[in-house]
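K.L.:
Mind having a look at this structure? Questions to follow.
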Amino acid sequence: MMRLDRFLSGQTALSRRETGEAVRRGRVTVNGTPVRTPDAKIDPEKDTVTLDGTSVSYAAQHYFLLHKPAGVLTAARDRSQKTVMDLLKPEDRLPGLFPCGRLDKDTSGLLLITDDGALTHRILSPKHHITKYYLAQLRDPYDPAYEALFASGMMLREGAAEEPCRPAEVTQIGERLAVIALTEGKYHQVRRMFAAAGNFVENLLRFQLGALQMPVNLAQGAYLTVLPKDVEMMLKTSSISYAADYCRAYYSSYWINERAYLW
Ligand code: URA
């Protein structure tokens, strides 16, 4: 059982205070009967609740799969810059949502936004080592020597010290396009690994997490509501050859199209 005002503030964009007000004003019914007491107890699984005549569906947790564009900050909020939360429709900006993981401001791609703390914890836990797949557009042509270098566990500078990376995989899908598989997420890791290898990442896209691939028709800045079972795909394993095939088929002209779109 759950308080009516709490149920409403969890399922709609209204705050707890606003839902209390809406209930007192008779805008809410439970099983067809107006209920004016915000602390009335309801069973969210069984009772039918309406707000202004529209039924309020119950989802215990929310999962949004976003195609983050470059230039937007991965943060729950920021004083001056646009964040991934600003891309959600007002009615989807529910309390308790936060980005699960992080993409650099200049990186685009797959990002989960959820209020499911337990699942986020599982996904981010180092124990699971979820593999993250990226497409990098390089300034200079791809060098097959990257494969042994990345597999060896490169040393990256961390402040004054050097820290080893976990072995990573990389493969070529275009003259200056590489697919990289990482099982950790150090600060600017892909960019720093290529910089240490003498190249430079001009553009970066994350297109797959575990076995979950970014849907092909999900435009930049758009998002989908997904189910826990979809999100669980992140915990399944994939392979770089599978990811590279998908990427070659659908994302190898990602930045070319972006330019075509802009002009
Ligand atoms: N590596 C990067 O350099 N940036 C990201 O956003 C993710 C991985």
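The values are calculated or read from the model by the stated rules, or taken from the named source; none is laboratory data. What you see is a predicted model; the values in this text were computed from it and never measured. Please note: Cβ atoms are built from the backbone with ideal geometry, for glycine as well, and neighbour counts cover all protein chains shown. Just the protein is used for accessible areas: all its heavy atoms, side chains included, with ligands, DNA and RNA removed. Shrake-Rupley method; radii C 1.70, N 1.55, O 1.52, S 1.80 Å.
K.L.:
List the GluC sites (Glu not before Pro) in the range 19-97 that DSSP assigns to loop (not H, G, I, E or B) and whose Cβ has at most 14 other Cβ atoms within 10 Å. Which are they?
P.N.:
Sites meeting the loop and neighbour criteria: E45.
K.L.:
Only sites in a loop by DSSP and with at most 12 other Cβ atoms within 10 Å count here; which trypsin sites (Lys or Arg not before Pro) in the range 183-263 make the cut?
P.N.:
K236
K.L.:
5 Å is the cut-off here: which amide hydrogens, built 1.01 Å from N in the peptide plane, fall below it relative to E202, excluding neighbours closer than 5 in sequence?
P.N.:
Those lying under 5 Å, H to H, from E202 are Q137, L138, R139.
K.L.:
Let me ask another. Taking the Cα centre as origin and putting +1 on Lys and Arg beta-carbons and -1 on Asp and Glu beta-carbons, what dipole magnitude results for the chain, to the nearest 20 debye? Intermediate values should be presented prior to the final figure.
P.N.:
Numbers: 33 positive and 30 negative charges, 140 e Å.
Magnitude of the dipole: close to 680 debye.
K.L.:
Lysines near K127 by alpha-carbon distance under 29 Å, same-chain residues fewer than 8 away left out - which ones?
P.N.:
Counting by Cα, and skipping residues close in sequence, K127 has these lysines nearby: K68, K105, K186, K229, K236.
K.L.:
About its Cα centre, what dipole magnitude does the range 1-64 give when the only charges are +1 on Lys and Arg Cβ and -1 on Asp and Glu Cβ, stated in debye to the nearest 20?
P.N.:
Computed about the Cα centre, the dipole is about 200 debye.
K.L.:
Report the full-extension gain for the segment D140 to R176: residue separation times 0.36 nm, less the Cα-Cα distance, to one decimal in nm.
P.N.:
Separation in residues times 0.36 nm, less the Cα-Cα distance, equals 12.3 nm.
K.L.:
Once you have the Kirkwood Rh of the range 112-222 from its Cα pairs, apply Stokes-Einstein at 37 °C and 0.692 mPa s and quote D in µm²/s.
P.N.:
Details: Rh = 15.1 Å.
Stokes-Einstein gives a translational diffusion coefficient of 217 µm²/s.
K.L.:
Going by the alpha-carbon gyration tensor, a ≥ b ≥ c the square roots of its eigenvalues, is the range 5-101 rounded (a/c under 1.5) or, if a/c is not under 1.5, prolate (a/b greater than b/c) versus oblate?
P.N.:
prolate
K.L.:
For a quick check: with amide H placed at 1.01 Å from N, whose amide H comes under 5 Å from I173's, ignoring anything fewer than 5 positions away on the same chain?
P.N.:
Those lying under 5 Å, H to H, from I173 are A178, V179.
K.L.:
Oh, and also: Note the direction-averaged projected area, equal to a quarter of the hull surface, for the Cα convex hull of the range 2-55, in nm².
P.N.:
Across all orientations, the range 2-55 yields a mean hull projection of 3.0 nm².
K.L.:
Report the GluC sites (Glu not before Pro) located in the range 159-232 that are in a DSSP loop and have at most 11 other Cβ atoms inside 10 Å of their Cβ, or state none. List each step's numbers first, then the result.
P.N.:
Values: sites: E162, E169, E175, E184, E202, E232; in loops: E175, E184.
Answer in residue order: E175.
K.L.:
With every protein chain present, what is the per residue accessible area of the chain (1.4 Å probe, Å²)?
P.N.:
Numbers: 13780 Å² over 263 residues.
Result: 52 Å² of accessible area for each residue.
K.L.:
Name the shape class, rounded, prolate or oblate, that the alpha-carbon gyration tensor gives for the range 78-137, where a ≥ b ≥ c are the square roots of its eigenvalues, rounded holds for a/c under 1.5, and otherwise prolate holds if a/b is larger than b/c and oblate otherwise.
P.N.:
oblate
K.L.:
Subtract the Cα-Cα distance of F200 and H121 from 0.36 nm times their separation in residues, and report this length gain in nm to one decimal.
P.N.:
On the way: separation 79, 0.36 × 79 = 28.44 nm, distance 3.24 nm.
Result for the pair: 25.2 nm of gain on full extension.
K.L.:
If I take the Cα coordinates of the chain and project them onto the principal axes, what are the three extents in Å, biggest first?
P.N.:
On the principal axes, the chain reaches 70, 44, 35 Å in Cα extent.
K.L.:
Antiparallel versus total DSSP beta bridges in the range 63-260: what percent is that, nearest 5? Before the final figure, lay out the partial values.
P.N.:
Working: 36 of 40 bridges.
In the range 63-260, approximately 90 percent of DSSP beta bridges are antiparallel ones.
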